Amino acid sequence: MSVEERRIVTRRLHERPEDSWTIDGALASGAYRVWREVLRTGDPAAVQEQVRLSGLRGRGGAGFPTAQKWSFLPEGRYPRYLVVNGDEGEPSTFKDRMLVERDPHQLVEGIAIASYAIGCNLAFVYLRGEFALGYERLTQAIADARSHGFLGRDVLGSGFDLDVVVHRGAGAYICGEETALIESLEGERGMPRIRPPFPAVEGLYAKPTVVNNVETLSTLPHIVEMGGEEYAKLGVNRSTGTRIFSVSGHVKRPGNYEVELGVTFRDLVFGLAGGIRDDRAVKFFIPGGASSQWLTGSDEHLDAPLDMDFVQQTYGVMLGSGAVMVFDDTTDPLLVAWRLAKFFAHESCGKCTPCREGTGWIEKVLYRMAHGMGRPEDLDLLFDVGDNISPGVVNAPFTQTTICPLGPSVVSSIASLHRYFRDEVQARVGVSA
Amino acid sequence: MKPVGMCRMCLVEVEGVRGFPPACTTPVTDGMVVRTRTDAVEKIQEGVLEFLLINHPLDCPVCDRGGECPLQDQTLAFGPGESRFVEEKRHYEKPIPLSNMILLDRERCIQCARCTRFAEEIAGDPLIDFVSRGDRTQVLNFAEQPFESYFSGNTVQICPVGALLARHYRFKARPWDLATAETSCTTCSVHCRGAVQSSSNRIVRLLGVDLDPVNHGWLCDKGRYGIDWVHADDRVREPHLRVGGELREVSWPEALDAAAGEIRKVLRMHGPGAIAVLGGARGTNEDAYAWARLAKGVIGTDHVDCQMGDGLPAEVVLGVRRAEIDDCDRAGAIVVLGPDPREEVPVLFLRLRRAAKDLGVPLFDCTPVGGSLAPYAAHVARRVPGEPVGADVVELAARTARERGGPLVVVAGRPSVAEAPDATVRSIAAFGALDGVDVRVLSALRRGNVHGALEMGLAPGFLPGRVTLDAGREWFTQRWGGVPAGRGLDADGILRAAAEGRVHVLVLLGADPLLDHPDALLARRALEGVPFVVAVDAFRSESAARADVFLPCTVWGEQNGTVTNLEGRVQRVARRVAPEGTAMDDWRIASELAYRLGADFDLATVDEVTDEIAAVAPAALGATAALVRRARDGVVLPLREHLGEIVVRTRGLSILAEEGAGTSWDPIRAGGAAPAGAPAASGEPAPRTRRRRPVPARTRRRPRTRSSTRTPRASAPPTRPRCTSGTVRQAGPPRPRVTRTLCAS
Ligand SMILES: Cc1cc2nc3c(=O)[nH]c(=O)nc-3n(C[C@H](O)[C@H](O)[C@H](O)COP(=O)(O)O)c2cc1C
Ligand code: SF4
Ligand code: SF4
Ligand code: SF4
Ligand code: FES
């Protein structure tokens, strides 16, 4: 259990806690060196190639290969936009906030490199409204980058123009979903769009658009600096490089830890986060944000590697946004499921019927069950209602009757209750085992 | 409206596609295999239905929609018998006003976004939107900004549940008690298709019906909710006669005898020129025709005008090459001279907005003051009131139309009654003079059936069927026994003559010159100067109150017949309720008076009037009652199928604006009539050349022999109209409502 953090994206903010977010602090630790070099070389395709070689996958939740996403942009159609997803609304995820507050120049540099690679001259950052400090520091960073010539017209004499606009969200989780985010940026009510068309073809203002997460973009300078192949040597299988995990819950040292992919959950929870409070046992944990299904404190689960495909294929869970929420053996899983459902019911955008009505219904049933008002038939009811939102979720592979994955997210905890705590729950609602 | 895929009722399985895509947002592709009835799909549909119901109040017994509710229908067909939802449903105050006409019961809303999409996409009034999230998602108007849209009533109609309610109709009826008749709205000249519904002999609702070439199913609020007046307390329900200075209720024979007696007296003492008829734009074509025949064929006066000095000269409206509304969709360019269509002909505004905004047709806003179309206009060229459109604008519009291909549609009405029609007329002439462009004019005259009335000859210098007095003299003399000798006065002239004491009997056909004529003082002097006024009206308007004989007529909803819209499209209006009191159809009043003046029109039913028009009025040739009844989209005159016949049957008599003739009121000018736009010529019509000996007076009507008795002898026997399906769509059985989806419309 002697795993170490592998700090790449979080290097600067750890090295210069006193001024990592300032232009001076950033420049002193190498910021914009890569950007300068990229412009000097003047080859967008080469950048794309490095990203492809690196195997980088999106850090926003879905884990989609970044270079592949860029390649969907239709050739020859301009303008095209880069939209930075800084909405970070997934409960217990708090890595992007740290990156924006404490290393905004790294993000700006990443935005610049990505924009150059895809041929975008205007990038938008959609920042979670609550990030007051992050907003202040990011806008300052953009202003400083502009005055240093890293942004604006004819960046560093390269002939390339780039500007970055920061937009603050208004407190809706759904606005982290990329098409709802685009709607919101356009001034509309934040509700996901029907796909197709995909944003790469018709996104912001009906123009080709790439949406990337803050951490994804913050990784780019390092990939270009190290070289894609070198970066791909980090990590495991198709989960290359490092990722920041936000560990929270009943651990002794909650926080953000950047590790090389492939280390185990045990490394994270017991190594870096210091184990469980009062040295109790792990009852279960949520491996990838509130939307994910759960894993238990079993050795098998704790020793599973942080490999996106492995956990997906083996346990049907996802690393998602990299938020690991740990619950000790005093925890009532019904109460957790209810609280998560309450979140999703509150945040459902209301666009599609199964999610709008179903999340609320599930929340109400779970409330009763968690508060001693459960009935024997409630468990089957829950599964069936869940199945109507996310057919097959209890017996994967699951699909969805909804427009976006928010609705099915509420079913994740139900499926987990079903899989791991069926007896406990049955006992609570009066079904004799 | 664009599909939103919100309700999720239409999820299906598509071979080769993972999951369950919504049918409503999935474009069909070649060779696609769609499964709509698999177990998985059915479970989903039942699941979605259950979701829709868990928070639904199920207060169907007190819901306006109960009985015609898609949600209710689907629940009955596919829904669960019992609810698995034991929690408390969501509650809201029931209902809240969105405007002073529209109420919203948020508990019943299923969040399908039909209303919000309509308001934004179709009407361009995004005054309602979703508020809040999750199962608290609700439709609301914005603070301090009510949902005041001219088209708000459409949202009530398309709301699939009883969430949106019309204050007007709320709790008035249950759907199964309603009797329905398909008809057209005649509040303005667009003639949107609708279904008028009554309960216990009271009209309670007008719904839009999808007539593809006209209204796309929409109505404006003026038309939809302006129906209460039919049963208003102040309807005049019985005939009245002025006795000792006071209007007294009398029997119909007394009233008719009094009117006919006065007319006969004046005819004898002063000649036909002392009798004038104003109005007639409110009734049916049959009403207008019978009155034209009475005035021009029996009495012999040409002082007849259905407009009130607030329209355009008849020769322009009848003489130009007409556009159909659909022409706007495929136009090379659209020029709007005025008025603001949203104010005067509201649903035409929706069509113009769609053409400009959604179909990309360049629209030139050339109204003097601008208005609702300006935001969608490619070019805004304000003209000075009273001045025609500048030559540069005409040229630019022509060039645009030529480049894009397609007709140049000129929308022309009267922008303002303070402005003489000359500027509009000269603008139309400028467009009409263009070479190499297919210029078509869409009349934007507002009054209900003004186009029908003009076509039926209720204008000086015209006879039914778009022929001038001179051109049609021989033909109509044969048909009617006589026509006026010369061109008569228009409304201005009639009022002036009346004020000077030269009109001895003034007939007001639903006309209220005191209110409607731009020169109210002149109207007052006219009514004071005329010794005898016959009012044929439903209400005692300020002008009608001056009547010596008041003949109460039927109104929309009580009448069968046909009307002609601004395109020249003839459609049926239907009687849904029995007339108030003893109110009589105008056409019948006209024939009764004619009979008392010695002429037997020999018309017993409104269909016989329609058929007589179809046989006698050149432009209406072939538009028989049977044909109009069969034609789902109505028929646009002149019927293409009969163009050749018109010439044959009327022996060379040509009608204005024949197909392909372009703007053609020139011939009238050449023929010596008043140039378009100039004040109507001459005061007194010349005495009639031949005193007509009408059909011998008979004490009893002859038994009906078939229409051949009224068919012009000189012409070929009427042939059954040959309809090519391309022109006349047959009315089919009512189109079934799609009941499996809720948010697609
Ligand atoms: C309900 C919902 C919420 C989401 N919230 C976020 C978020 O807060 N931040 C984020 O980066 N991605 C979020 N995503 C994922 C985005 O849709 C998108 O996949 C991501 O921004 C793409 O960036 P990446 O490829 O760099 O990961 C969310 C997705 C869903 C369905
Ligand atoms: S699944 Fe939920 S959040 Fe997503 S579009 Fe539907 S209602 Fe909105
Ligand atoms: S139309 Fe649809 S969204 Fe609008 S009120 Fe009715 S049910 Fe609700
Ligand atoms: S636009 Fe005219 S015809 Fe149509 S509903 Fe309105 S008033 Fe009636
Ligand atoms: S989702 Fe297709 S009809 Fe509503």
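Some values worked out for this structure:
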quantity: Count of region B:100-114 residues which are more than 13 Å from ligand 3 (Cβ to nearest atom) and under 20 Å from A:Gly360 (Cβ atoms); calculated: 0
quantity: Subset of region A:132-160 [of a type in the set (A, V, I, L, M, F, W, C) and not in a helix (DSSP H, G or I)]; calculated: A:Phe150, A:Leu151, A:Phe160
quantity: Scan of region A:280-323 for residues that are in contact with a Lys or Arg (Cβ under 6 Å, 6 or more places away or on another chain) and on the phi > 0 side of the Ramachandran plot, ordered by number; calculated: A:Gly322
quantity: Extreme residue, nearest to the chain's Cα centre (by Cα), among residues of region B:235-246 that are crowded, with 16+ Cβ neighbours inside 10 Å and assigned to a strand (DSSP E or B); calculated: B:Arg235
quantity: Matching residues, region A:187-230, being within 14 Å of chain B (Cβ to nearest Cβ), away from ligand 5 (no atom under 16 Å from the Cβ) and of a type outside the set (A, V, I, L, M, F, W, C); calculated: A:Gly187, A:Glu188, A:Arg189, A:Gly190, A:Pro197, A:Glu202
quantity: Matching helices (runs of 4 or more DSSP H) fully within region A:266-352 where at least 2 residues are under 26 Å from A:Arg97 (Cβ atoms) and in contact (Cβ under 8 Å) with a residue 12 or more places away in the chain; calculated: A:308-315, A:333-347
quantity: Lone unmet requirement of (1) touching a residue at least 60 places away in the same chain (Cβ under 8 Å); (2) closer than 20 Å to A:Ile118 by Cβ; (3) not charged (D, E, K, R) for A:Ala141; calculated: (2)
quantity: Residues of region A:355-382 classified as surrounded by fewer than 18 Cβ atoms within 10 Å (Cβ to Cβ) and away from chain B (no Cβ under 11 Å), total; calculated: 3
quantity: Count - residues of region B:115-144 that are away from every other protein chain (no Cβ under 14 Å) and either modelled with pLDDT under 95 or near ligand 3 (Cβ under 9 Å from one of its atoms) (or both); calculated: 4
quantity: Single match in A:Val84, A:Val125, A:Val51, A:Val100 (criterion: in contact with a Ser or Thr (Cβ under 7 Å, 6 or more places away or on another chain) and of a type in the set (Val, Ile, Thr)); calculated: A:Val51
quantity: Qualifying residue in region A:161-174 (condition: surrounded by 16 or more Cβ atoms within 10 Å (Cβ to Cβ), of a type in the set (A, V, I, L, M, F, W, C) and within 14 Å of chain B (Cβ to nearest Cβ)); calculated: yes
quantity: Residue in region B:132-150 that is out of contact with any Asp or Glu (no Cβ under 7 Å at 6 or more places or on another chain), aromatic (Phe, Trp, Tyr), part of a strand (DSSP E or B) and surrounded by fewer than 17 Cβ atoms within 10 Å (Cβ to Cβ) present; calculated: yes
quantity: Selection count, region B:70-114, where residues are surrounded by 15 or more Cβ atoms within 10 Å (Cβ to Cβ), more than 13 Å from chain A (Cβ to nearest Cβ) and under 33 Å from the mean Cα position of the chain (by Cα); calculated: 9
quantity: Residue match in region B:30-48 (condition: assigned by TED's automatic domain parsing to the domain that holds B:Lys94, in a loop (DSSP other than H, G, I, E, B) and closer than 22 Å to A:Phe198 by Cβ); calculated: yes
quantity: Single unsatisfied condition, B:Phe85 versus (1) of a type in the set (A, V, I, L, M, F, W, C); (2) outside any helix (DSSP H, G or I); (3) in contact (Cβ under 8 Å) with a residue 24 or more places away in the chain; (4) within 16 Å of ligand 5 (Cβ to nearest atom); calculated: (4)
quantity: Residue match in region B:61-75 (condition: part of a loop (DSSP other than H, G, I, E, B), among the aliphatic types (A, V, I, L, M) and either away from ligand 3 (no atom under 15 Å from the Cβ) or farther than 30 Å from B:Phe142 by Cα (or both)); calculated: no
quantity: Hits in region A:65-97 (condition: touching a strand residue (DSSP E or B) at 6+ places or on another chain (Cβ under 8 Å), within 9 Å of ligand 1 (Cβ to nearest atom) and under 24 Å from A:Leu340 (Cβ atoms)); calculated: A:Asn85, A:Gly86, A:Asp87, A:Glu90, A:Thr93, A:Asp96
quantity: Exclusive hit being outside any strand (DSSP E or B) and away from ligand 1 (no atom under 16 Å from the Cβ), set B:Asp129, B:Asp125; calculated: B:Asp125
quantity: Pair list, Cβ < 6 Å and 6+ apart or interchain, from region B:211-229 residues that are of a type in the set (A, V, I, L, M) to residues that are within 16 Å of ligand 3 (Cβ to nearest atom) and not in a loop (DSSP other than H, G, I, E, B); calculated: B:Leu219/B:Gly208
quantity: Qualifying residue in region B:92-99 (condition: modelled with pLDDT of 95 or more and more than 14 Å from ligand 3 (Cβ to nearest atom)); calculated: yes
quantity: Unique residue being in contact with a strand residue (DSSP E or B) (Cβ under 6 Å, 6 or more places away or on another chain), outside any loop (DSSP other than H, G, I, E, B) and surrounded by 18 or more Cβ atoms within 10 Å (Cβ to Cβ) when the list is B:Leu442, B:Leu454, B:Leu458; calculated: B:Leu442
quantity: Residue list for region B:296-336, restricted to those being modelled with pLDDT under 95 and not in a loop (DSSP other than H, G, I, E, B); calculated: B:Ala314, B:Glu315, B:Val316, B:Val317, B:Leu318, B:Gly319, B:Arg322
quantity: Candidate set: region B:1-22, residues that are more than 17 Å from A:Thr353 (Cα to Cα) and under 37 Å from the mean Cα position of the chain (by Cα); chosen: the one nearest to ligand 1 (Cβ to nearest atom); calculated: B:Lys2
quantity: Residue match in region B:355-368 (condition: in contact (Cβ under 8 Å) with a residue 12 or more places away in the chain and under 22 Å from the mean Cα position of the chain (by Cα)); calculated: yes
quantity: Residue in region B:397-408 that is within 25 Å of the chain's Cα centre (by Cα) and not assigned by TED's automatic domain parsing to the domain that holds B:Asn565 present; calculated: yes
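This table checks each residue for (1) within 20 Å of B:Ile110 (Cβ to Cβ); (2) within 12 Å of chain A (Cβ to nearest Cβ); (3) touching a strand residue (DSSP E or B) at 6+ places or on another chain (Cβ under 8 Å).
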| position | (1), (2), (3) |
| --- | --- |
| B:Met9 | yes, yes, no |
| B:Glu13 | no, yes, yes |
| B:Gly16 | no, no, no |
| B:Pro21 | no, yes, yes |
| B:Gly31 | no, no, no |
| B:Val34 | no, no, yes |
| B:Gly47 | yes, yes, no |
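Table: residues versus (1) away from chain A (no Cβ under 14 Å); (2) within 16 Å of ligand 3 (Cβ to nearest atom); (3) outside any helix (DSSP H, G or I).
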site	(1), (2), (3)
B:Gly217	yes, yes, yes
B:Asp233	yes, no, yes
B:Arg248	yes, no, yes
B:Ala255	yes, no, no
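The values are calculated or read from the model by the stated rules, or taken from the named source; none is laboratory data. Keep in mind it's a predicted model, so treat the numbers as computed, not measured. Please note: Cβ atoms are built from the backbone with ideal geometry, for glycine as well, and neighbour counts cover all protein chains shown.
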